[in-house]
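The structure under discussion appears below in the form of structure tokens.
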Amino acid sequence: MEQFIVAKIMSRRMILVLTAISLCWSSAAKAQLGPAEDHLGSDFLQPQISVGFSAATIRNFQDLEGTFAVNSATLTAAIPIYRVLEGASENPTIYFMLGRGQFSTLDADISFLSSSHAIYKSRIGVTGGIATTGHHLYLVTIGGGFAEDRNTVGSPRIRATGSLLGKYQLDNSFAFIYGLSYSYTFNRGLLLPLLGTHCSLGRNLSLHIVLPFSLNIDYEEAQELHFGFLIRANGDQIHVEENAYFGTQSLPLFMKIAQIQSGFSVSVELSRGIWLSGEAGVLRNRNFAIGTLDTNLISSKIDNSGYSTIVLKYDLGNFESWGD
């Protein structure tokens, strides 16, 4: 009976959003800087393990001599930790916690720098939430991690990310999303408001928007086959060591990248719980800079670029099965 009640409550798809940034993607590697804000996706509460690979075409800087490209590989895990039901058995309040981890390696090819850059990004955190009897969902996500090149990863600069999220399920076809998020998606640490919705646009068609981060449209051709269209912000601030090149031996330097990603995706369930997803599209409005936290030593736009991503994901189970 308990399983039936929980399934009925959660079948309204408590679709969430918040921060930490990692990258994404059907849940893993969705962009050329590694994952974007994976917690902003429609499967944020889905326990899963995924691995993704992403590549982009090499493009010229508009204001500098040289070319730019970043390819990435990412491993992501979301593991259920805790779930408790309290209150009336027919309409309980649900308390839960989900552990999260993500690790990315990136190969940055920036022609005017002294050498090719290997970049490492990592993040761990937890998401705690309450699903109430009044169709409300409240979430808190806290995490910590780093983004370093191969010369600085031995002494990483740990940075915090986090978010607060509320969601109100008005009916079976519409949910209102609101909150705050602190992340580095726009190439520096920013605290931003979240405002969005998850709603049905018709038979098998749904819309998930979280401003200012992402827009996703999903079409379910069959239970095992999904098509999608997305627009998302993607970027980061990466600690790098290029002091000899720029003559700033006493100052920490950061590579700052911000861009907009748009593309189409297809996801196929290969067998029970195992999904293969592909994505292809364009990176636009690309801004690149290297400098201190407050001052850029160099700054340039980058020409638009095509990208492609492939993700293999294993779903560990539905929300209603946590703790069984």
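I'd like the residue in the range 292-316 that is part of a strand (DSSP E or B) and of a type in the set (S, T, N, Q) and, out of all such residues, is surrounded by the most Cβ atoms within 10 Å (Cβ to Cβ). Once the filter is applied, the top-ranked residue is Thr309. For the range 19-66, taking the residues that are under 30 Å from Phe176 (Cβ atoms) and among the aromatic types (Phe, Trp, Tyr), the one that is modelled with the lowest pLDDT is identified as Trp25. Residues in the range 155-176 that are modelled with pLDDT under 90, over 19 Å from Ile94 (Cβ atoms) and either among the β-branched types (Val, Ile, Thr) or assigned to a loop (DSSP other than H, G, I, E, B) (or both): Ser155, Ser173. Within the span defined as the range 220-227, every residue fails to be outside any strand (DSSP E or B), farther than 23 Å from Lys167 by Cβ and out of contact with any strand residue (DSSP E or B) (no Cβ under 8 Å at 6 or more places or on another chain).
Within the range 177-202, being of a type in the set (A, V, I, L, M, F, W, C), part of a strand (DSSP E or B) and out of contact with any Lys or Arg (no Cβ under 7 Å at 6 or more places or on another chain) holds for Leu180, Leu190, Leu191, Leu192, Leu194, Leu195, Cys199, Leu201. The set of residues in the range 197-236 that are surrounded by fewer than 18 Cβ atoms within 10 Å (Cβ to Cβ) and among the small types (Gly, Ala, Ser) comprises Ser200, Gly202, Ala222. Under the condition of being at negative phi, part of a loop (DSSP other than H, G, I, E, B) and surrounded by 15 or more Cβ atoms within 10 Å (Cβ to Cβ), the residues counted in the range 133-154 number 4. Scan the range 266-279 and give yes if some residue there is modelled with pLDDT of 90 or more, touching a Pro at 6+ places or on another chain (Cβ under 8 Å) and surrounded by 15 or more Cβ atoms within 10 Å (Cβ to Cβ), otherwise no. No - not one qualifying residue is present in the range 266-279. Taken together, Leu165, Leu211, Leu205, Leu192 contain a single residue that is touching a helix residue (DSSP H, G or I) at 6+ places or on another chain (Cβ under 9 Å) and of a type outside the set (S, T, N, Q), which is Leu165. Any idea which residue in the range 107-136 is nearest to Ile79 (Cα to Cα), counting only those that are modelled with pLDDT of 90 or more and aliphatic (A, V, I, L, M)? Among residues in the range 107-136 that are modelled with pLDDT of 90 or more and aliphatic (A, V, I, L, M), the one nearest to Ile79 (Cα to Cα) is Val126.
Quick check on the range 80-93. Is at least one of its residues on the phi < 0 side of the Ramachandran plot, among the small types (Gly, Ala, Ser) and in a strand (DSSP E or B)?
no
The values are calculated or read from the model by the stated rules, or taken from the named source; none is laboratory data. These figures come from a predicted structure and were not determined experimentally. With ideal geometry, Cβ positions are generated from the backbone for all residues, glycine too; neighbour counts draw on all protein chains shown.
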